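Trainee: Sharing a structure with you now.
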Amino acid sequence: RTEFAVKETMSSGGAEDDIPQAERKTVTDFCYLLDKSKQLFNGLRDLPQYGQKQWQSYFGRTFDVYTKLWKFQQQHRQVLDNRYGLKRWQIGEIASKIGQLYYHYYLRTSETSYLNEAFSFYSAIRQRSYYSQVNKEDRPELVVKKLRYYARFIVVCLLLNKMDVVKDLVKELSDEIEDYTHRFNTEDQVEWNLVLQEVAAFIEADPVMVLNDDNTIVITSNRLSETGAPLLEQGMIVGQLALADALIIGNCNNQVKFSELTIDMFRMLQALEREPMNLASQMNKPGMQESTEKPARRENPHKYLLYKPTFSQLYTFLAASFKELPANSVLLIYLSATGVFPSGRSDSEGPYDFGGVLTNSNRDIINGDAIHKRNQSYKEMHCLHPGDLYPFTRKPLFIIVDSSNSVAYKNFTNLFGQPLVCLLSPTAYPKALQDQSQRGSLFTLFLNNPLMAFLFVSGLSSMRRGLWEKCQDYLRKINRDIAQLLTHSRSIDQSFLQFFGDEFLRLLLTRFIFCSATMRMHKIFRETRNYPESYPQLPRDETVENPHLQKHILELASILDVRNVFLENTLDDY
């Protein structure tokens, strides 16, 4: 096949016999590498999506071939131009595939540095205008390649918080779509316009803007930085468990999404990652670093991102994570999903009697939060019930449920005596805040960016950078104090302390307590269902209703001049 392709490509460039042997070999080698790279790339689709080891050697081989192909076309560009007729969009295709490889490597490993590598290849395509000639060719499938490249580049930029680049790309993509639909009367016009609408809504999802002095928007990152989590101090006795694996599940109706990420999933995945570092070399093959080169810091926990999974998909990934969880490690399950409520009264109060959260089914028509069943005596099938998670409590399990039926998971039983914590969102928000749910849940926003959430519930929609940074400093102090409250509490359940040794879980727990304390002090959060809950329950007087913490929250409100939003009378006894 390669031989035939070579003859085909060379016959157009003059008599075949006139071509020097060396140049003929260059074209043959290039065709071989190009074929091999396509084969390997297409084979990536057949790799299992779960399980952390089976795919690595295959990825390594694919990277090898693409590295060779990329260097080969750089070294022999002139021969390939003359004898093969290499077009710039074909070089763009190779670069785009390498960008995709790095992005998928990030998805598989959760190592954020690979996002930077994907970004550098995608950027090069744009800077060098590799796809610029595509519009002159009368081939709609080539234009679609270009549009897909834009969509992929946007995802990588969103994950790297490069919002200024995203805005430029959206404008360019919009022009390209308009040109494409104008020139080729295609049926996918609606789909491409939907892509534009989705990314526009995604960019607008943050409820508060932080502004520089010249009114440009400050891009804030919510990944774990060196100063992010409160440090453990002397005398804090905590467990040695480490967060190793996380399932991030998004199944909310009507929530802003782009690609296969809802805004809640997007926020939570960043709360479980460190700030990215640049990898040393441009084409460093992932997974092939010598152990001496490894950075001297802990890796990010591995993640599975599941958008609208069915019950069987969710269970398969959960079982794979559970099976591969190393010793002394924690599995985190984050559920952002529509609530499923029990219909009919049940005499028992078991782990399948309170409903749960929605899993996807292609057959059911889902109307808002209410799901109607054929027979009231059966349990809802397309639902993750608390009881479904019981088998996995044989290992340390940290669960976060953001749902209108999160309280179903309050009725957990710790059967195996392993560390187990569930952080549960409010099941309803005050009327004044409800119309925001499309732009992501307030509870998840508190876990991802607590200051932005605090500003939002205080009625603020923009803020100057200087004040934002002052408040961030104060919030770090609050987090340190919350860490002390937790570790010095006499009546707290040991599970909380066993998880507190891990940086990511420590930050999530302190943010959870800050969120809960803020809502309990807020004037419009007056119903019990407006407050987060947990299993096991936290001792309120020592944590979420602690006077010392309440004083801090009022201080923060004073810095922002929003003290009137909060109740003062909780401090009468202080």
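The values are calculated or read from the model by the stated rules, or taken from the named source; none is laboratory data. Small disclaimer: the values here were computed from a predicted structure and weren't measured. When we count neighbours, we look across all protein chains shown, and the Cβ atoms used for this are built from the backbone with ideal geometry, even at glycine. These accessible areas exclude ligands, DNA and RNA; they are computed on the full protein's heavy atoms, side chains included. Shrake-Rupley method; radii C 1.70, N 1.55, O 1.52, S 1.80 Å.
Trainee: Once the piece of chain linking SER221 and GLU299 is laid out straight, how much longer is it, given 0.36 nm per residue of separation minus the C-alpha distance between them?
Mentor: 26.2 nm
Trainee: I would also like to ask the following. Roughly how many Å is it from the Cα centre of the stretch 520-537 to that of the stretch 297-340, as a whole number?
Mentor: 27 Å
Trainee: Could you work out how far helix 21-43 tilts from the main Cα principal axis of the chain, as a 0 to 90 degree angle to the nearest 10?
Mentor: Between helix and principal axis, roughly 30 degrees.
Trainee: If you roll a 1.4 Å probe over the heavy atoms of the protein chains, what accessible area per residue do you get for the chain, in Å²?
Mentor: 46 Å²
Trainee: Express the carbon and sulfur contribution to the solvent-accessible surface of the chain as a percent, rounded to the nearest whole number, probe 1.4 angstrom.
Mentor: C and S atoms contribute 47 percent here.
Trainee: Would you please classify the overall shape of the chain from the alpha carbon gyration tensor, given that a ≥ b ≥ c denote the square roots of the eigenvalues, rounded means a/c under 1.5, and beyond that prolate means a/b larger than b/c while oblate covers the rest?
Mentor: It is prolate, given that a/c is not under 1.5 and a/b is the larger ratio.
Trainee: Given the whole protein assembly as supplied and a 1.4 Å probe, what does the accessible area of THR413 come to in Å², nearest 10?
Mentor: My reading of the accessible area for THR413 is about 70 Å².
Trainee: Can you give the % of DSSP beta bridges in the chain that are antiparallel, to the nearest 5?
Mentor: Around 30 percent of the beta bridges assigned by DSSP in the chain are antiparallel ones.
Trainee: What full-extension length gain, to one decimal in nm, is calculated for ASP168 and ARG480 as 0.36 nm per residue of separation minus the Cα-Cα distance?
Mentor: 108.4 nm
Trainee: Shape call for the stretch 21-206 from the C-alpha gyration tensor, a ≥ b ≥ c root eigenvalues: rounded (a/c under 1.5), prolate (a/b greater than b/c) or oblate?
Mentor: Here the stretch 21-206 falls in the oblate category.
Trainee: What ³J(HN,Hα) values, in whole Hz, does the Karplus curve 6.51 cos²θ - 1.76 cosθ + 1.60 give for the stretch 311-327 when θ = phi - 60°, with x put for Gly and Pro?
Mentor: Per-residue couplings from phi come out as 4, 5, 5, 4, 5, 5, 5, 4, 5, 5, 4, 4, 4, 8, 5, x, 4 Hz.
Trainee: Next up: Kindly state, to the nearest 0.05, the FRET efficiency for SER57 paired with GLN240, given R0 = 22 Å and r defined as their beta-carbon distance.
Mentor: Computed FRET efficiency for SER57 and GLN240: 0.10.
Trainee: Let me ask something else. In the structure shown, do any of LYS36/LYS136; LYS38/LYS146; LYS308/LYS379; LYS145/LYS303; LYS38/LYS308 have a Cα-Cα gap over 22 Å, and if so which?
Mentor: LYS36/LYS136; LYS145/LYS303; LYS38/LYS308
Trainee: In nm, to one decimal, how far is the ARG490 label point from the GLU137 one, both placed 7 Å along Cα→Cβ?
Mentor: 7.7 nm
Trainee: For the chain, what is the calculated [θ] at 222 nm in deg cm²/dmol (nearest 500), taking -39500 (n - 2.57) for each run of four or more DSSP H residues and dividing by its residue count?
Mentor: -14500 deg cm²/dmol
Trainee: To test your reading of the geometry: what angle, between 0 and 90 degrees and rounded to tens, separates the Cα axis of helix 547-559 from the longest principal axis of the chain?
Mentor: Tilt of helix 547-559: around 60 degrees.
Trainee: How would PHE525, PHE311, PHE119 line up by accessible area, probe 1.4 Å, largest first?
Mentor: Largest accessible area first, the list is PHE311, PHE119, PHE525.
Trainee: Which FRET efficiency, nearest 0.05, do ASP473 and ASN161 yield, Cβ-Cβ r, R0 22 Å?
Mentor: FRET efficiency, ASP473 to ASN161: 0.60.
Trainee: Taking Cα atoms, how many degrees apart are the long axis of helix 140-159 and the longest axis of the chain, rounded to 10 and kept between 0 and 90?
Mentor: 40 degrees
Trainee: Ok, one more. With unit charges on the beta carbons (Lys and Arg positive, Asp and Glu negative) and the dipole taken about the Cα centre of the chain, which residue among VAL195, PRO276, LEU485 sits farthest to the positive side?
Mentor: About the Cα centre, the residue reaching furthest to the positive side is PRO276.
Trainee: Using 0.36 nm per residue, how much length does the chain from ARG88 to GLN537 gain when fully extended, once their Cα-Cα distance is taken away?
Mentor: Here the answer is 155.5 nm.
Trainee: On a C-alpha basis, how far is the centre of the stretch 173-251 from the centre of the stretch 553-567 in Å? Whole number, if you could?
Mentor: If you average the Cα positions of each part, the centres end up 29 Å apart.
Trainee: Roughly how much of SER113 is accessible, in Å² to the nearest 10, using a 1.4 Å probe?
Mentor: Per-residue accessible area (SER113): approximately 0 Å².
Trainee: Then there's this: Just report the Cα centroid separation between the stretch 103-138 and the stretch 445-514, whole Å.
Mentor: When both Cα centres are located, 36 Å separates them.
Trainee: List, in order, the whole-Hz ³J(HN,Hα) value for each residue of the stretch 522-527 obtained from phi through the Karplus relation with A = 6.51, B = -1.76, C = 1.60 and θ = phi - 60°; use x for Gly and Pro.
Mentor: Couplings: 6, 5, 8, 8, 10, 9 Hz.
Trainee: Would you calculate the separation in nanometres between label points at ARG464 and ASP29, each defined as 7 Å from the Cα along the Cα-to-beta-carbon direction?
Mentor: Roughly 6.3 nm, to one decimal.
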